Amino acid sequence: MRAWFSRTGSILLWQLKQDRLRLVIWLVPIIAVTVLTAILFEGLYPDEGDRQRLAQSVLNPAITMLLGPAYGVEQYDIGAIMAHQMYLFTALATAIFSILTVSKHTREEESLGRMEIIRSLPTGRLAPLAAIMIHHTLSFVVLASGVGAGLYLLSVASISFEGALLYGVGISAVGLFFAAVTAVCAQLAESSRGTISLAFFVLIFSYAIRGLGDVSYDGLSWWSPLGWMLETRVMVDNHWWPVTLLLVMALLLTGLALYLNAKRDLGAGLLPARQGPRNASKWLQTQVGFTVTMQRVSIIAWAVGMLIFGATYGSVLGETGTYVAEIEIMKEMLNIDQLTGRALIEEFVSMLAVIITIFATVPVILSMYRLAKEEKLNRLESVVATATSKQSLLGIHLVIGLLYSLIVVSAAGIGMGLMGQRSVDGLQFMTVFETMMAYLPAIWVMLSLAALCVGIGRWLWITWAYLGYSFVVVYLGGALEFPEWMNKLSPFEWVPSLPVEDFKLINVLILTGIAVLISLLALASYRRRDLAG
Amino acid sequence: MSVLQTNGLTKRFGQVEALSGVDLEVDKGEIFGFIGPNGAGKSTTIRILLGILKATAGEATIFGQDVWHDAVKIHKRIAYVPGDVNLWPNLTGGQVIDYLVHLRGQKVNQERKQHLIERFQLDPTKKCRTYSKGNRQKVALVAAFAADCDLYILDEPTSGLDPLMERKFQELILEAKAEGKSVLLSSHILSEVEKLCDRIAIIRDGEVIETGTMSDLRHLTRTHLYVETEKTLVLPDQGIHEWKETDWGYQFQVDREVLDDVMQAIAQAGVTKIESAPPTLEDLFMRHYDVGEGDV
Ligand SMILES: Nc1ncnc2c1ncn2[C@@H]1O[C@H](COP(=O)(O)OP(=O)(O)OP(=O)(O)O)[C@@H](O)[C@H]1O
Ligand SMILES: [Mg+2]
């Protein structure tokens, strides 16, 4: 049995060596952002009244769905604010870190043939998988200590030592849980892309059912690891047992992954490969057909995912109305006695539309970045060596990105529109749908920026950073009271928030124009530069 | 004494039977060639030998130990070089070599490593992402030969090397043999196999169809003849291949069984010139391969 884990230590050191930079890039910002937002919150909401006003503005089902239930609202102190506004999203970041890192060291190593070299050495069959799990355990111990120490050393009255520590341990436990989930996915799928998709599916599913559970279906949140983490009621009640549950589940999943790994052949997934057709269809023979076919499955999956995502939010819009009617004090606090419940609902519709469309931008950027991936894998040479020009390749990817954005945003709009119409009396389907569609030009700006990065051939992270920034502006811009110019740096802020504001054609036209300009620039720089492969 | 032995090795991938009863035996101190057409099952056999794939049936041992159960023990004394080498893009060749040698549980013999690096004219300070295919292969070769091993398993190790480097590789193999080490060499470069290998196995459709020394195998095959005669040459119908009449004479190949009849026929036609050449490995290979084409 020991032979199965032989040289786990050496492989662990090797993985850590490769990941030096990656660890710094992920863990330091997570710690820094946590500490900085705590400082900012303290500066922005120094007295009780400010905090209560904030509490009332965030106490509604739409926000609960997004962030999780708020505990300790009676005295919404800095600790409780952190636990409500930052906890879940920081945990999502650690989960994404785990998914990307674990799949890189497992399935990707394997599909690129590096694992074969390692395994021809006196290393145990399970050593690489065991090493990556230890790697994550260590990384998360560091993260938990960093976050815990950082929060505690701020010496904010409402953040106790226990609360700070549990905060760090909670997000780390979620990270470890998803590391184990990814380890299992790596045994099932046959490619690193498949592994990542499968793991992200689990993450999004956990997030969504927890949202539904927190808002309307009692008990549903118990099916989600993120629900368990929120159940720690960190900074308020500080329950430790849900963390124990997460860690035990992570351990069990790791055991399952090791078992599956021991059973299967190197390079194989657990699902056997089937035989395919002998000839390519007419459609597949065209460059457009080929590109669409390669992305077909992901387009369908994202469309279905966004439809469900939109429908989920649409179905809780009704709750918002009842909620507002019930809470008299909220109207006073928000100074909205003139506003009917409907107006408030429309406010939420426009807020949710930004968030949903920012999510919908992710697959559009990914679709554009496939071109860069093809280049990296040396598969582009043989395509460009035919009578296909480089510009037409990038052009096709732009067009497909455009269609992709239409598909996912419509899907989300239809889902939210239909369910919204059912759950709120008098809310028109078209109102919701139009609100969503208005954000398309902002997505196109992102798409063209992605194309420009592919065109230049480097700095692909810029698009992700910019999208992340746009998300932060929407998500925290209000609570952190960003200056107006910082908000206006995001293309999503330029889109008229429809049911509330009037439609401004000029803004939409300018955004579209910018997207066209950047796209032309992208095509020009792509034509001029060398291809790597 | 054999260092490597397989017995009825069978591997099934779902419906596909990639190997159906492969028997091999590599003796200590010999270089064993393993050839066969694409998809014949060479890499699959080698991966089973490395304990990376699990055989569906049959047994395989290296140093008398089971390749699946005792993989770790076995791997301390073997080195493997694949044909398609992929390395970690953001690390240097030198780092990768040290890592791989270290994983074998051996101290890196810097002197030996340096010697090999110079021999292969490799720049170990470059990042792996910037290496050409041949240079990536050199990294794997240096990592394999820098360690002290008893058996080398090589799967098309020279597919990216230039002729000069290929010769250096051949020298290295012969030196290893002189030190009493064994080599299993799978390759499509038949001249290389012919030059280096003591014994050869030919695999086709997952079955070993021939094994033996070069001269054993030659026995099974045809002799090349070129003759010029005074009279028209009349030969038996059976056993003559690749018949070609030139202005001056005849060029053809003869199966071993009819060689005697043919020689008599040539003598009767009044031979003025005769040249014979032993079959090359390529002829052997083509012959087996052609037969295979019939039943596809
Ligand atoms: N993971 C797999 N799933 C299904 N079939 C496989 C798998 N791996 C190999 N095969 C099949 O097994 C057979 C043998 O493949 P193998 O790679 O051993 O051939 P090879 O002799 O090394 O060929 P080459 O000379 O091209 O390297 C082939 O028919 C191949 O299609
Ligand atoms: Mg092969």
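Every number here is computed from the coordinates shown, using simple stated rules; none is lab data. All values derive from a computational prediction rather than experimental measurement. Virtual Cβ from ideal backbone geometry, glycine too; neighbours counted across all protein chains shown.
Reducing segment A:193-220 and segment B:171-229 to their Cα centroids gives an inter-centroid distance of 60 Å. For B:ASP27, the shell of other residues with beta-carbons less than 10 Å away shows a net charge of -1, using +1 for Lys and Arg and -1 for Asp and Glu. Only DSSP H runs of four or more residues enter the estimate; each adds -39500 (n - 2.57), and after division by the residues of chain A the mean residue ellipticity at 222 nm equals -24500 deg cm²/dmol. Here the 3J(HN,Hα) profile of segment A:353-359, calculated from phi with Karplus coefficients 6.51, -1.76 and 1.60 at θ = phi - 60°, is 4, 4, 4, 5, 6, 4, 4 Hz, Gly and Pro shown as x.
The 3J(HN,Hα) values that the Karplus relation (6.51, -1.76, 1.60; θ = phi - 60°) gives for segment B:70-78 are, in residue order, 9, 3, 5, 4, 5, 5, 5, 10, 10 Hz. Gly and Pro appear as x. In this Cβ point-charge picture (+1 for Lys and Arg, -1 for Asp and Glu), segment B:2-213 has a dipole of about 860 debye about its Cα centre. Relative contact order of chain B, taken over Cα pairs closer than 8 Å and 6 or more residues apart, is 20 percent. Positive end of the dipole of segment B:2-213 (Cβ unit charges, origin at the Cα centre): among B:VAL16, B:GLN137, B:ILE97, the Cα lying farthest that way belongs to B:ILE97.
Across peptide A:120-133, the average count of Cβ atoms from other chains found within 10 Å of a residue's Cβ is 5.
What is the local net charge at B:ASP155, summed over the other residues whose Cβ is closer than 10 Å to its Cβ (Lys, Arg +1; Asp, Glu -1)? So the surrounding residues net to -1.
Bridging of B:LYS231 to lysines at a Cα separation below 16 Å is possible for B:LYS273, once same-chain residues fewer than 8 apart are set aside.
Beta bridges per DSSP, both residues in the protein assembly as shown: antiparallel share near 70 percent.
Measuring nothing but alpha carbons in segment B:2-213 and taking Rh as the Kirkwood radius, the Rg to Rh ratio lands at 0.96. Relative to the Cα centre, the charge distribution of chain A, modelled as +1 at Lys and Arg Cβ and -1 at Asp and Glu Cβ, gives a dipole magnitude of about 3200 debye. Amide H contacts for B:GLY21 (H built 1.01 Å from N in the peptide plane; partners 5 or more residues away or on another chain; cut-off under 5 Å): B:LEU9, B:THR10, B:LYS11.
Partners of B:LYS28 within straight-line reach, counting aspartates and glutamates whose Cα lies under 18 Å from its Cα and excluding those fewer than 8 residues away in the same chain: B:ASP66, B:ASP148, B:ASP150, B:GLU175, B:GLU179, B:ASP198.
Using the Karplus relation 6.51 cos²θ - 1.76 cosθ + 1.60 with θ = phi - 60°, the per-residue 3J(HN,Hα) values for segment A:153-163 come to 5, 5, 6, 8, 4, 7, 10, 7, 4, 4, x Hz, with x marking Gly and Pro. Spatially close Lys pairs in chain A, defined by Cα atoms under 19 Å apart and a spacing of eight or more places or different chains, total 6.
Between segment A:386-404 and segment A:471-524, the alpha-carbon centres lie 25 Å apart. Taking the Cα centre of segment A:289-533 as reference, the dipole from Cβ charges on Lys and Arg (+1) and Asp and Glu (-1) amounts to some 1520 debye.
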